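What follows is a single structure, written as structure tokens, with notes after it.
The values are calculated or read from the model by the stated rules, or taken from the named source; none is laboratory data. Note that the structure is predicted; figures quoted are calculated from it, not measured. Counting neighbours? That spans all protein chains shown, and the Cβs are built from the backbone with ideal geometry, glycine included. The protein model used for the area step is the full one, side chains on, heavy atoms only, and it has no ligands, DNA or RNA in it. Shrake-Rupley method; radii C 1.70, N 1.55, O 1.52, S 1.80 Å.
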Amino acid sequence: GRYFLSEVKFDDIDGDKKPEGFLYFYSTGTAAEQNLYIYKIVNELWKEIFVLQSPGNLDYGRFKFKYIGDYKVSFYDKKYDLKATIELDKNNYIDMEDMLTYISDWVDPEASIEIKDIDNDGIKEIIANQRVIGIAHTDIIGYLDTTYKLIGSGYEAVKITLSNINNELIIEKSIDDDWQEFLQSLENRVINFFLPRLIKYLIRIYIIKL
């Protein structure tokens, strides 16, 4: 099923003592999918500052799983280059060991959204939770949390966390670190490749004009 339920809430999320508008959409399907839109009044108009819109029942192409034996599953999130190994509880697969090889690339859409001030700076963060699925939809083998933080005039993803079914941390990655690495790589390319060629080109143009 798709979206059959909706809810509107108001709360101060950015610490300016003024309420923002929260528009939730809920699915009645087994994935319990949630979408969230947050709006802020700017110059007497509603401005969108956060959107969490699921790509559908599955985010095809983003995740890659493989059962590697000994009750372990390799996990890869292509979007954020997050690699990890999920250890399974063998007691959950008694007489079902042969089915483990059929574990596919299945992560549910966001099923829960938590909004709280993690770092006590007066501005609330958004944590979206997704369930990592094993041999069947009822077989949850982990949880993937994405944390969003207010940066400038809108919310951006800053951290991705993978935990096991007991909510014990497997791996955590800062997303903004990737962005900084990209900027550094871009800067190096500009300095080492494009800038020298640009200078040579300008010198050549100047000589021709002389």
Can you pull out every residue in region 143-164 that is at pLDDT below 95 and either more than 26 Å from Ile13 (Cα to Cα) or polar (S, T, N, Q) (or both)?
Ser153
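Of all residues being in contact with a Phe, Trp or Tyr (Cβ under 8 Å, 6 or more places away or on another chain) and either of a type in the set (A, V, I, L, M) or open to solvent by 40 Å² or more (accessible area, probe 1.4 Å) (or both) in region 54-66, which is modelled with the lowest pLDDT? Just the residue, please. Give the steps one after another, and end with the answer.
Narrowing region 54-66 to residues in contact with a Phe, Trp or Tyr (Cβ under 8 Å, 6 or more places away or on another chain): 58, 63-65.
Next, from what is left, pick out any that are either of a type in the set (A, V, I, L, M) or open to solvent by 40 Å² or more (accessible area, probe 1.4 Å) (or both): 58, 64.
On the way: Leu58: 51, Lys64: 95.
This residue is Leu58.
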Please find, within region 139-168, the residue that is farthest from Leu100 (Cα to Cα) out of those that are open to solvent by 40 Å² or more (accessible area, probe 1.4 Å) and among the polar types (S, T, N, Q).
Ser153
I need the full set of residues from region 118-141 which are part of a loop (DSSP other than H, G, I, E, B), more than 16 Å from Phe50 (Cα to Cα) and touching a residue at least 60 places away in the same chain (Cβ under 8 Å), in order please.
Asp121, Gly122, Gly134, His137
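Determine whether Asp105 is of a type in the set (D, E, K, R), in contact with a strand residue (DSSP E or B) (Cβ under 7 Å, 6 or more places away or on another chain) and open to solvent by 50 Å² or more (accessible area, probe 1.4 Å). Write out each step before concluding.
Working: of a type in the set (D, E, K, R): yes; in contact with a strand residue (DSSP E or B) (Cβ under 7 Å, 6 or more places away or on another chain): yes; open to solvent by 50 Å² or more (accessible area, probe 1.4 Å): yes.
Yes; evaluated as a whole, the condition is true for this residue.
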I'd like to check something: does region 77-99 contain any residue that is touching a residue at least 40 places away in the same chain (Cβ under 8 Å), of a type in the set (Ser, Thr, Tyr) and open to solvent by 20 Å² or more (accessible area, probe 1.4 Å)?
yes
